[in-house]
Amino acid sequence: MQWQGVIPAITTPFKPDLSVDAELLVKQVDALVRAGCSGIVALGSLGEGGSLSFDEKKAVLRLCKEALAGRGSLVAGVAALTTAEACRLAELGAEQGASGLMVLPPYVYRGDWRETRAHFEAVVAETPLPCMLYNNPIAYGSDVLPEQLLELARSLPNLVAVKESSADVRRVSAIRAIAGDRLQVLVGVDDLIVEGVAAGAVGWIAGLADALPAESVRLFELARKGASAELSALYAWFLPLLRLDTVPKFVQLIKLVQAQTGLGSEAVRPPRLPLAGDEREQALALVRDALGKRPPLA
């Protein structure tokens with residue numbers, strides 16, 4: 001498992017009756033790897049993992065593994081209300097052939113560091129798979145600081161990466177300074193990707209890549225090469241769309257973009273509802289304006 005490159009956190013497509021759309025899921029995964037993505041993350045927040053049953057999660061992982069066909073890595077998201085349930089999901093990821101796991105803090109309960117550490121230790125120790133810790137204090141209320149990450153890494157040999165979503169690019173530099181090459185740092189906030197790569201991140205757990213994979217891969221490649229006119233122009237065009245990944249309705253918004261690029265539908269599961277009225281029209285105008293100015297890729 002190489003924790004590098006563009007690794008989209010995929011959406012889970014649904015049919016009109018809100019069952020999982022297996023055919024569309026396979027199409028999406030195939031499009032991502034054909035565009036140059038190095039893998040995918042399934043069952044994350046963007047994938048509405050919390051709305052899927054255990055059997056549905058199993059089916060999604062199986063379909064993703066088959067669709068990848070060895071062309072990229074499958075990372076299984078591990079998120080649950082309890083540590084015991086998270087451990088079972090870690091087992092499921094291994095059973096379904098995942099290359100690695102993305103481990104989240106517990107849903108709902110926001111523990112102190114002693115509790116949060118115990119949760120991560122239990123889940124990561126449960127599996128032989130390499131694991132990436134997902135740090136998103138904005139969404140989940142638990143902030144794992146760089147020195148705490150290093151503490152975990154020292155006790156867990158298979159904790160090898162972090163998806164850093166604090167939206168503070170200084171965190172990338174701080175983790176690199178304190179952990180060196182012990183932990184791979186991946187950007188988890190779409191509109192911070194260029195700055196994150198400049199600070200030392202080696203990968204991008206991307207959202208808008210679900211709808212625009214070729215542009216995302218090109219943006220990442222250019223960011224790795226350093227400042228250029230092409231990078232500045234592509235980032236300036238992409239930023240209004242990338243910012244859709246940073247708001248509460250990011251799932252609905254990214255699915256809206258997917259529908260416009262032919263890589264998905266707007267269907268979401270309650271309590272989420274598809275965008276409607278003026279809210280949808282404003283978002284659609286932004287998306288169509290950007291797609292109308294879609295730059296050619298070199």
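The values are calculated or read from the model by the stated rules, or taken from the named source; none is laboratory data. Keep in mind that this is a model prediction, so the values were computed, not measured. Don't worry about glycine lacking a Cβ; one is built from the backbone with ideal geometry, like all the others, and counts go over all protein chains shown. Areas reflect the complete protein model, heavy atoms only, side chains present, ligands, DNA and RNA absent. Shrake-Rupley method; radii C 1.70, N 1.55, O 1.52, S 1.80 Å.
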**Message:** So, Arg171, is that one of a type in the set (D, E, K, R), within 19 Å of the chain's Cα centre (by Cα) and under 26 Å from Asp245 (Cα atoms) or not?
**Reply:** yes
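I'm checking my understanding of the structure. Among residues of the range 35-55 that are assigned to a helix (DSSP H, G or I) and in contact with a helix residue (DSSP H, G or I) (Cβ under 8 Å, 6 or more places away or on another chain), which one is farthest from Ala80 (Cα to Cα)? Lay out the reasoning, then the answer.
Quick first cut of the range 35-55, residues assigned to a helix (DSSP H, G or I) only: 49-51, 54-55.
From the residues that got through so far, the ones that are in contact with a helix residue (DSSP H, G or I) (Cβ under 8 Å, 6 or more places away or on another chain) too are 49, 54.
Working: Gly49: 9, Phe54: 11 Å.
Step by step, filter the range 35-55, then rank; the result is Phe54.
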**Item:** Residue satisfying condition, being part of a helix (DSSP H, G or I) and either over 29 Å from Gly49 (Cβ atoms) or of a type outside the set (S, T, N, Q) (or both), within set Arg294, Arg272, Arg243
**Value:** Arg243
**Request:** Could you check Glu85 against (1) within 23 Å of Gly111 (Cα to Cα); (2) surrounded by 17 or more Cβ atoms within 10 Å (Cβ to Cβ) and say which number it fails?
**Result:** (2)
**Some residue of the range 162-179 being in contact with a Ser or Thr (Cβ under 7 Å, 6 or more places away or on another chain) and under 24 Å from Val103 (Cα atoms)** = no
**Item:** Failed condition for Gly111, given (1) closer than 21 Å to Gly50 by Cα; (2) open to solvent by less than 10 Å² (accessible area, probe 1.4 Å); (3) among the small types (Gly, Ala, Ser)
**Value:** (2)
**Asked** Are there any pairs with C-beta distances below 7 angstrom linking a residue in the range 267-285 that is of a type outside the set (A, V, I, L, M, F, W, C) to a residue that is surrounded by 15 or more Cβ atoms within 10 Å (Cβ to Cβ) and part of a loop (DSSP other than H, G, I, E, B), with the two at least 6 apart or on different chains, and if so which?
**Response** Arg269/Glu48; Pro274/Glu266; Pro274/Ala267; Pro274/Val268
**Request:** Could you look through the range 90-109, keep only residues that are in contact with a Ser or Thr (Cβ under 6 Å, 6 or more places away or on another chain) and assigned to a loop (DSSP other than H, G, I, E, B), and pick out the one that is farthest from Ser165 (Cα to Cα)?
**Result:** Ser99
**Prompt:** If you check Asp21 against the conditions, is it modelled with pLDDT of 95 or more and open to solvent by 40 Å² or more (accessible area, probe 1.4 Å)?
**Reply:** no
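May I ask you to verify whether Thr246 is touching a residue at least 12 places away in the same chain (Cβ under 8 Å), under 20 Å from Asp21 (Cα atoms) and surrounded by fewer than 21 Cβ atoms within 10 Å (Cβ to Cβ)? Don't jump to the end; show me each part of the working.
Details: touching a residue at least 12 places away in the same chain (Cβ under 8 Å): yes; under 20 Å from Asp21 (Cα atoms): no; surrounded by fewer than 21 Cβ atoms within 10 Å (Cβ to Cβ): yes.
No.
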**Request:** For Leu231, work out the one condition from (1) assigned to a loop (DSSP other than H, G, I, E, B); (2) more than 20 Å from the chain's Cα centre (by Cα) it doesn't fulfil.
**Result:** (1)
**Evaluation of Lys58 against (1) more than 29 Å from Val197 (Cα to Cα); (2) in a loop (DSSP other than H, G, I, E, B) (one fails), failing number** = (2)
**Fill in**
Pairs returned, first residue in the range 138-153 that is at positive phi, second residue that is surrounded by fewer than 19 Cβ atoms within 10 Å (Cβ to Cβ) and assigned to a loop (DSSP other than H, G, I, E, B), beta-carbon separation under 8 angstrom, 6 or more apart or interchain, are Gly141/Arg110
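Inside the range 1-18, can you point out the residues that are closer than 21 Å to Pro274 by Cα, assigned to a loop (DSSP other than H, G, I, E, B) and open to solvent by less than 30 Å² (accessible area, probe 1.4 Å)? Step through it out loud before you land on a result.
Kept after step one, since they are closer than 21 Å to Pro274 by Cα, are these residues of the range 1-18: 9-18.
Those left that are additionally assigned to a loop (DSSP other than H, G, I, E, B): 10-13, 15-18.
Of everything in the range 1-18, those that are closer than 21 Å to Pro274 by Cα, assigned to a loop (DSSP other than H, G, I, E, B) and open to solvent by less than 30 Å² (accessible area, probe 1.4 Å) turn out to be Ile10, Thr11, Thr12, Pro13.
Given the criteria over 22 Å from Asp143 (Cα atoms) and open to solvent by less than 50 Å² (accessible area, probe 1.4 Å), does Ala79 qualify?
Details: over 22 Å from Asp143 (Cα atoms): no; open to solvent by less than 50 Å² (accessible area, probe 1.4 Å): yes.
Taking the combined requirement at face value, the residue does not satisfy it.
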**Asked** Could you count how many residues in the range 93-108 are surrounded by fewer than 18 Cβ atoms within 10 Å (Cβ to Cβ) and free of Cβ contacts under 8 Å to residues at least 40 places away in the same chain?
**Response** 4
**Prompt:** Of the residues that sit in the range 251-292 and are among the basic types (Lys, Arg) and under 16 Å from Pro13 (Cα atoms), which one is least open to solvent (accessible area, probe 1.4 Å)?
**Reply:** Lys255
**Item:** Any chance Val26 is assigned to a helix (DSSP H, G or I), open to solvent by 40 Å² or more (accessible area, probe 1.4 Å) and either hydrophobic (A, V, I, L, M, F, W, C) or under 18 Å from Trp204 (Cβ atoms) (or both)
**Value:** yes
